[in-house]
Each structure stands twice: as structure tokens, then as C-alpha cells.
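Working notes, structure below.
Readers should treat all values here as calculations from the given coordinates under stated rules, not as data from a laboratory. This one's a predicted model, so the numbers in the text were calculated from it and none came from an experiment. Cβ: placed from backbone, ideal geometry, glycine included. Neighbour counts: every protein chain shown.
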Amino acid sequence: MAAFRFDDPAVQSYAFYSGVLALKTLGMATLTARTRYVKKVFANEEDTKIKNGFVKFDDPDVERVRRAHLNDLENIPAFWLLGGLYLTTGPETTTAITLFRVYTIGRILHSIVYAIKPLPQPARGISFGIPFLIMLYMGVKVVSFYASAL
């Protein structure tokens, strides 16, 4: 197993992009709340008093933002796990940094084309697919690296 050192540029890159992704995920929660507030559409009766709103569970704009946020919640934690494990395999620094950077850019673009400025396919598919393939790559690298140790 490769040493996991915080002075390693790949580890620093992983920490940086993990932080960016965490902030992005929090931003999606804020965007959901903002969309609810602007449209006066809330999920709880007590929230309707904030802006004379109403309870509605199927507003298309709110649901689009919620689905984008849910997609982050399904995928970004897997990146944190696989990216951290990938670092323990001693990857080439430039490769690791590029994977972390492209993954993060892809996830940001995914939120933009899904929730902020919806674009027709294949924009969302590409912005989802490339980061997904990166996670698969890292997962295969981790499994194959540690399979030899079994």
C-alpha cells in the first residue's frame, strides 16, 4: 500500500476537489430552498406561512432541482470513498489530479445542465457519464490493486 501523505500533490488535489464538491452539494440544497421560496411551493405546511405559499409535492421546477441534488447525494460520496482508496494505490500524480479535476468539472456541469440551465440530451448524459466512468476506473484500479494482496 502506498503511503498517504498530505504533502503529496495528488492528496492535496483530492482534498481540494472534495471540498469543492461538498460546497457544491450544499449549494444544491440552497438552490432547492430558493426555488421553493420563489415559486411559493413548500413541502411542509408550516413553511407556507413564510411567503403565503402552499404545499405541493410535484412542482416541475422544484422537482428538477431536487433530482439534481439527489443525484449529487448518490454519486459524490462514492467519489470520496473511491478517490481516497485510489490514492492508497500509489497512482501517478498527474493522472490522479486529472481524474479528480475532470470529475469535479463534470459534476458541476451536470448540475448546471440539469437544474440551473436545462439543456437537451446528450448534455446531461455526458456530464453524468464522464464522472461515472472516472469512478468506475478508480474502483477497478482499487480492486485490482488489492486483489493481488489476497
Show me the helices of the chain, taken as full DSSP H stretches, that run 30 Å or more along their long axis by Cα and average -0.5 or above in Kyte-Doolittle hydropathy.
9-39, 60-87, 123-147
Counting each DSSP H run of 4 or more residues in the chain as -39500 (n - 2.57), what helix-only mean residue ellipticity at 222 nm follows after dividing by all residues, to the nearest 500 deg cm²/dmol?
-24500 deg cm²/dmol
Which number gives the lysine pairs in segment 13-142 that have C-alpha atoms under 27 Å apart and are eight or more places apart or on different chains?
16
Taking the mean number of other Cβ atoms within 10 Å as a proxy for protection, how do you rank 130-142, 112-124 from highest to lowest?
130-142, 112-124
Kirkwood-based shape ratio for the chain, expressed as Rg/Rh from alpha carbons:
1.10
Going by average Cβ neighbours within 10 Å, how do the peptides 26-39, 59-72 rank, with the highest at the top?
59-72, 26-39
Specify the inter-centroid distance of segment 33-97 and segment 124-145, based on alpha-carbon positions, in whole Å.
20
Spin-label pair Lys56/Val140, simplified geometry with 7 Å Cα→Cβ offset, distance in nm:
4.6
Amide H to amide H under 5 Å from Phe42: which residues, 5+ apart in sequence or cross-chain, H placed 1.01 Å off N in plane?
Phe54, Val55, Lys56
